[in-house]
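Engineer: Take this structure, written in structure tokens, and hold onto it; I'll ask about it next.
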Amino acid sequence: MTERDEEVRIGVFICHCGTNIGGVVDVPAVTEYAKTLPHVVHAERNLYTCSSDGVDSIKQAIVEKGLNRVVVAACTPRTHESLFRTACEAAGLNKYLFEFANIRDQCSWIHMHEPEKATGKAKDLVRMAVAKVALQEPQEEEQVRVEPKSLVIGGGISGMTAALNLARQGFEVHLVEKEPELGGLLRKLYKLYPTFVDAREFLRAVVRDVQAEKKITVCTAASVEVVEGYVGNFTASISSNGATQKLSIGTIIVAIGAEELKPEGLFMYDGKRVITQLDLEERLRSCAEIADFSTLGKRIVMIQCVGARGRKVSYCSKICCTTALKNALVLKAQVPDAEIYILNEGINVYGEYEDLLTEAREQGVRFVRFEHGSEPIVQGTTVKVYHANIRKELELKADLVVLSTPLVSTADTERISKMLKVPLGPDGFFYEAHVKLRPLDFATDGIYVCGTAHGPRDVPESIAQALGASSRASIPMARGYVVPEAITPVVDQSACVKCGICVDKCPYGALRLNEQLEVIEALCKGCGTCVAACPTGALDQRHFRNIEVSAQIKNFFALRSCRASEKG
């Protein structure tokens, strides 16, 4: 007897998830209903199916009941499908003979005030899952070799940190920076919070480490022009000094950084008497070099949220308030009698940085809160602002006005997004695969993001994120291979007319039309677009075959028709 001919024996495991599902859905009723479905030889409910006891019960039932198919009705496959698949494999069952019914998101959550409808829908989902899994076949996954080399795009602090972390693990790294020297925005800073160490000294130490690392090849004044291929087998063309070289790499880390928004046309910005925080950092460093801070003046007004919170960009830049506090404290340390005002809509600092706010107040830095829509007005050497707390308009004399502006994405961001086929968020920064589950990965396997290319963040957070991204990149390179999920399309070459529609429709470039239509499994994400687009039915998708999906649909409508006729 072949696997295709063997008796289908399905086990159904339904989760209460405490009261998360069980508080709305009648789980005992759904369990009893599951026992009546074709091919179901075992059905049980668990308080928490994802617990060690719940997983053990699945393994035990597979062995004792002779199950060759498993359905779990629980929360979400995004977080738990891999757990149950692993349990099936541990019990000797191919993991593609498993099906998930999401009765939390699609039942108890969305119908939390309609328990009868939620229960009925849960039964529908379980019935559809049983119909599909009965037709599923075991699948084999193929390994794809990974080149143990990485490309890091961007030579700022996050790019250098990522490169060093990978090199110290023994991987070859190509670090590409568009500027003539490494460092990014860090080159323009004076002091770093919360330690107030000298930014240039800190940067020099990191650059020395990068240049001394034999496994890092640094390319400055260079750009990545073309990237082709897929995880483990990328080919990148690097242009530098009029010459182009091609690299074979396994992973890519995007660390192109961000830039400061220049507040052209706002608050009489001129780069001389009205400047940005980044301009102030450079002036502070110049003053420190000549040991004379008097040129900055003694009356300094800082204005927060310039261009942020819906003015030029929609978001809060996260680091502006802390930067203003740091620079105010630096100024107070050098010019104790300086009058410093920070005009704000509300100071946004968090964690240990709240200590900077307390210290600034103790040092005499004054905070003036204005309301959104009642922004300060800069007129010559005077700044007018309506103080929302004391309900009074103030006229502040200013030798220097400092504007706190947000970080924005660089001009290269869109080009690199298109080149790597990775998405951008609504704020113009790169968009991760999943904010909780894969915060440093792109949806395209083998490509990762860190630092301010991902959004506004300070130096410590950029370093932490770079360590995380490089650790993620090291996993497939250390293993030496990746295993694409076996949900890729298969081609019936006899039915394929080579029209190329599927090639054009594939969002991942996983199909190529030469003498025959080819599927590059390492690129495919199993979205099914090609199958839906094929006019001749030459494509079918493993684990989501047309016959399996059709069975789900037919089972849903068949019972609905019966219910309607009974009511009639």
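What follows draws every value from the coordinates through simple rules; no lab data is involved. Please read these numbers as outputs of a predicted model, since none were measured by experiment. No Cβ is skipped: glycine too gets one built from the backbone with ideal geometry, and neighbour counts run over all protein chains shown.
Engineer: Just need log10 I(q)/I(0) for the range 76-132 at q = 0.12, 0.18, 0.29 Å⁻¹, Debye formula, equal scatterers on the alpha-carbon atoms, no solvent, rounded to two decimals.
Structural biologist: -0.34, -0.66, -1.07
Engineer: Can you work out the Karplus-derived ³J(HN,Hα) for every residue in the range 381-390? Use 6.51 cos²θ - 1.76 cosθ + 1.60 with θ = phi - 60°, whole Hz, and x for glycine or proline.
Structural biologist: Listing the rounded values in order: 9, 10, 10, 9, 8, 8, 6, 5, 7, 9 Hz.
Engineer: Relative to the longest principal Cα axis of the chain, at what angle does helix 546-567 sit, 0 to 90 degrees, rounded to 10?
Structural biologist: The helix 546-567 is inclined about 70 degrees to the chain.
Engineer: Using θ = phi - 60° and the Karplus curve 6.51 cos²θ - 1.76 cosθ + 1.60, what whole-Hz ³J(HN,Hα) does each residue of the range 276-290 get, with Gly and Pro shown as x?
Structural biologist: Calculated HN-Hα couplings, in order: 9, 4, 5, 4, 5, 4, 5, 5, 4, 5, 5, 5, 5, 5, 9 Hz.
Engineer: Take the Cα gyration tensor of the chain, multiply each eigenvalue by 5, square-root it, and list the three semi-axes largest first, rounded to whole angstrom.
Structural biologist: 55, 31, 21
Engineer: For the range 263-405, what number results from the quotient of the Cα radius of gyration and 2.2 N^0.38 Å? Walk me through the intermediate numbers first.
Structural biologist: Numbers: Rg = 14.2 Å, N = 143, 2.2 N^0.38 = 14.5 Å.
With N residues counted in the range 263-405, Rg over 2.2 N^0.38 Å equals 0.98.
Engineer: Still on this model: List the lysines whose Cα lies under 21 Å from the Cα of residue 149, skipping any in the same chain that are fewer than 8 positions away.
Structural biologist: 178, 214, 215, 246, 421
Engineer: Where nothing but the Cβ of Lys and Arg (+1) and of Asp and Glu (-1) is charged, how large is the charge dipole of the chain around its Cα centre, in debye to the nearest 20?
Structural biologist: Working: 67 positive and 71 negative charges, 156 e Å.
It works out to roughly 740 debye.
Engineer: Near residue 498, which aspartates and glutamates are there with a Cα under 17 Å away, not counting those fewer than 8 places off in the same chain?
Structural biologist: Counting by Cα, and skipping residues close in sequence, residue 498 has these aspartates and glutamates nearby: 515, 518, 540.
Engineer: Could you sort out which of 188/384; 262/318; 272/384; 117/554 sit more than 27 Å apart by Cα distance in this structure?
Structural biologist: 188/384
Engineer: Compute the whole-percent fraction of alpha carbon pairs in the range 59-200 spaced more than 23 Å apart.
Structural biologist: 62 percent
Engineer: Relative to the longest principal axis of the chain, what angle (0 to 90°, nearest 10) does the C-alpha long axis of helix 459-479 take?
Structural biologist: Taking the Cα atoms of the chain, the angle to 459-479 is about 30 degrees.
Engineer: Taking the Cα centroid of the range 1-75 and of the range 359-397, what is the distance between the two, rounded to the nearest whole Å?
Structural biologist: Answer, in whole Å: 64.
Engineer: From the Cα trace of the range 492-558, what convex hull volume per residue do you get, rounded to a whole Å³?
Structural biologist: Here the figure is 93 Å³ per residue.
Engineer: Using the Karplus curve 6.51 cos²θ - 1.76 cosθ + 1.60 with θ = phi - 60°, work out ³J(HN,Hα) for each residue of the range 362-370 in order, rounded to whole Hz, and write x for Gly and Pro.
Structural biologist: For the range 362-370, the Karplus-derived couplings read 5, 7, x, 5, 9, 10, 10, 9, 10 Hz, x marking Gly and Pro.
Engineer: How big is the Cα convex hull of the range 225-297 in projection, averaged over all directions, in nm²?
Structural biologist: About 8.9 nm², averaged over all directions.
Engineer: Something else about it: What's the angle, to the nearest 10 degrees (0 to 90), between helix 320-334's Cα axis and the longest principal axis of the chain?
Structural biologist: Once rounded, the angle reads 30 degrees.
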